[in-house]
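Heads up: the structure comes next, in structure tokens.
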Amino acid sequence: MGLSTRDEIQELAAGYALGVLDEADRRRVESLLASGDAELEAALRDFGDAAALMAHAAPPVEAPAALRARVLDAARPGRRGAAQAPRVVRLSERRSPASAAWTWGWMAAAAALAVATFVSWRGAEQTRVQLAETRERLAQMERTMAEERRWAELLGSPHTRQVRLTATPAGDPRMTAMAMYDPQSQRAIITFEHMAAPAGHDYELWAIRDGRPASLGLIHGTGDGPVVMRLEGVGAVETLGAFAVSLEAAGGAPTDDAPGGPVVMVGAVAGS
Amino acid sequence: MDPSQTDDRALLERVQQGDEQALAALYDRYTPLLYSVALRILRRTADAEDAVQDAWLQVWRRASSYDPGRGALAAWLLTVVRTRALDRYRSLASRGRAESRVEPEDQVAPIEDPTRRASQTQLGGRVREALAQLTAQQRQVLEIAYFEGLPQTEIAQRIGAPLGTVKSWTRQGLSRLRELLPQEEWV
């Protein structure tokens with residue numbers, strides 16, 4: 001990338017933290033983040049904190065009292081757009097569906113440890129309480145494992161369709177995504193790569209149903225690993241035409257039914 | 001973890017569940033700072049109010065988009081309102097309405113509540129003291145960057161300095177701010 005000095009990396013990080021880098025420099029930062037540049041990551045953390053301090057340089061003023069009523073009135077039930085949004089099950093960013101077996105193994109070990117811990121305790125009352133707690137933990141683990149199995153079954157289902165999302169001319173050509181969509185359960189697992197959004201922006205995922213977009217949530221990528229989203233209620237196969245990704249201002253599009261920024265990735269659902 | 005951050009997360013979880021009282025609590029806690037930033041960017045109270053309202057409605061609709069791993073709630077709220085305000089400013093500028101950026105166009109009320117004023121102005125005072133210790137050029141590029149959101153090439157044109165110099169002043173200014181304001185004092 002032609003970056004060799006610490007000062008150059010620090011300059012890029014400072015501009016990125018303030019969201020004022022020019023396009024070429026912004027792409028350099030994202031490329032370096034994608035390659036796992038630890039020095040740049042550290043500099044971004046430091047400068048991100050310092051940039052946020054600038055907010056306190058604004059002269060403190062009182063917001064009009066009427067504004068509070070306006071905001072709360074606009075937010076009252078019935079006007080809450082997110083109520084219709086599909087539920088997004090967030091995962092840690094480095095986790096992938098392939099980790100399910102490892103997760104189950106860990107849970108089994110944890111359950112065994114919980115039981116071993118229980119039998120070593122003394123005192124009937126203490127034991128009774130701990131037994132109840134252990135049973136509850138095991139029940140929770142079983143529920144979690146059942147949920148994990150349901151997601152794992154999606155990957156092995158003969159009905160599951162693969163949808164590859166590719167960058168549009170408005171997107172970074174390095175971005176890739178693969179969606180595994182099960183028409184029967186209307187669930188999907190989507191894995192993204194190289195999805196670090198520019199400072200002050202977020203990528204947002206959309207389902208295109210009957211030609212109309214519906215938000216499936218924000219994609220929280222840092223560029224240093226895959227991002228996996230598990231989605232429920234993505235849509236019936238008869239209506240689901242495609243998945244798309246848009247680049248939005250931080251926090252996402254103003255509404256759940258229309259991207260506010262450019263569409264940067266798209267992938268059609270075959271046979272819909 | 002700072003207890004106030006734990007409290008913030010609990011409130012935000014309730015906001016995700018549609019709890020209007022939790023939204024009101026967060027509003028009361030952060031709006032003085034958010035509104036001050038929006039007004040500093042937009043200079044007109046009506047525009048600042050719109051930007052702050054847009055930001056809070058976005059928080060209400062999209063609270064699940066907050067990722068604690070990327071920073072404190074306050075930083076996320078500031079990002080949301082700054083983005084909304086800068087977008088609005090650019091839109092107004094393109095229509096020729098944001099011509100003056102020297103003095104506030106509207107008269108505004110300073111914060112009256114002594115407790116709230118103290119909490120907001122304490123750190124604000126330290127930040128302004130720290131900014132005063134930067135060079136005039138460092139302070140200028142940081143203020144243009146944060147409150148106007150101009151790309152560095154445009155900042156360079158605005159102040160008549162080479163692009164490389166603007167990058168250098170930006171780095172030096174933020175580094176100096178961090179030195180003058182250790183993180184443990186950011187409360």
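Rounded to the nearest 0.05, what FRET efficiency do residue A:140 and residue A:66 have when you use their Cβ-Cβ distance and R0 = 45 Å? Before the final figure, lay out each step's value.
Values: r = 47 Å, r/R0 = 1.03.
Taking R0 as 45 Å, the efficiency between residue A:140 and residue A:66 is 0.45.
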message: With Kirkwood's inverse mean 1/r over C-alpha pairs for Rh, give me the Rg to Rh ratio of the stretch A:6-57, two decimals please.
response: 0.98
- request: Would you please classify the overall shape of the stretch B:1-97 from the alpha carbon gyration tensor, given that a ≥ b ≥ c denote the square roots of the eigenvalues, rounded means a/c under 1.5, and beyond that prolate means a/b larger than b/c while oblate covers the rest?
  value: prolate
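Pop the C-beta distance of residue B:17 and residue B:46 into the FRET formula with R0 = 25 Å and round what comes out to the nearest 0.05. Working shown, then result.
Details: r = 32 Å, r/R0 = 1.29.
According to the calculation, E is roughly 0.20.
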statement: Length gained, residue A:155-residue A:212, 0.36 nm per residue minus C-alpha separation, equals 17.8 nm
task: Express the Stokes-Einstein translational diffusion coefficient of the stretch B:117-187 in µm² s⁻¹, to the nearest whole number, given a Kirkwood radius over alpha-carbon pairs, 20 °C and a viscosity of 1.002 mPa s.
output: 167
statement: Expected field for residue B:76, accessible surface area in Å² at 1.4 Å probe radius, rounded to 10, holds 30
- prompt: Just in the stretch A:162-260: which GluC sites (Glu not before Pro) are loop by DSSP and have at most 12 other Cβ atoms within 10 Å?
  reply: A:238
Whole-number percent relative contact order across the stretch A:6-57, with pairs defined as alpha carbons under 8 Å at least 6 apart: 46
Charge sum, other residues only, whose C-beta stays under 15 Å from residue A:266's C-beta, Lys/Arg counted +1 and Asp/Glu -1: +1
- request: Could you list which residues have their amide H under 5 Å from that of residue A:253, counting only those 5 or more apart in sequence or on another chain, with H placed in the peptide plane?
  value: A:260
query: Largest first, how would A:220, A:194 line up by accessible area (1.4 Å probe)?
result: A:194, A:220
Relative contact order computed over the stretch B:1-97 (Cα-Cα under 8 Å; 6+ residues apart), in percent: 32
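The values are calculated or read from the model by the stated rules, or taken from the named source; none is laboratory data. Computed from a prediction, not measured in an experiment: that's the story for all the values here. All Cβ positions, glycine included, derive from the backbone under ideal geometry; neighbour counts span all protein chains shown. The accessibility values were calculated without ligands, DNA or RNA, using every heavy atom of the protein model including side chains. Shrake-Rupley method; radii C 1.70, N 1.55, O 1.52, S 1.80 Å.
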